[in-house]
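Here the structure comes first, spelled out in structure tokens, and everything after it is commentary.
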Amino acid sequence: MLARWSSRINLVAPTTLADLRERHILDSAQLLAHIPEDARSLCDLGSGAGLPGLVLAVLAVEFRPKLCTELVEADRRKAVFLREA
């Protein structure tokens, strides 16, 4: 999905799509360790492709169930992508 949308609205650099897992997903995931255990909210401003916010939101379901994640994106096209994701 990211590759398909990215070709139309430039979510991530085309050269990084081949390394999506390492370059974007794992990079985003490692941030969870830096969020305080008692944090209740997380806001990803300028979410774009949902990195790191979407990845952290998915991980929070399992590892930080009380953490509420919000993605904020001003670009309407990217916001539509985030809703679809």
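Does Leu54 count as at pLDDT 95 or above and under 23 Å from Val80 (Cα atoms)? So Leu54 fits the description; yes. Being exposed (fewer than 14 other Cβ atoms within 10 Å of the Cβ), modelled with pLDDT of 95 or more and touching a helix residue (DSSP H, G or I) at 6+ places or on another chain (Cβ under 7 Å) is a property that does not hold for Arg40.
For region 55-68, name all the residues that are in contact (Cβ under 8 Å) with a residue 24 or more places away in the chain and either surrounded by fewer than 20 Cβ atoms within 10 Å (Cβ to Cβ) or in contact with a His (Cβ under 7 Å, 6 or more places away or on another chain) (or both). Within region 55-68, Leu59, Ala60, Phe63, Lys66, Cys68 meet the criteria.
Considering only region 11-27, I want to know if a residue exists there that is touching a Leu at 6+ places or on another chain (Cβ under 6 Å) and free of Cβ contacts under 8 Å to residues at least 40 places away in the same chain. So far as region 11-27 goes, yes, one or more of its residues are touching a Leu at 6+ places or on another chain (Cβ under 6 Å) and free of Cβ contacts under 8 Å to residues at least 40 places away in the same chain.
The values are calculated or read from the model by the stated rules, or taken from the named source; none is laboratory data. Because the structure is predicted, anything quoted here is derived from the model rather than measured. In this analysis, Cβ positions are derived from the backbone assuming ideal geometry, glycine residues included, and neighbour counts consider all displayed protein chains.
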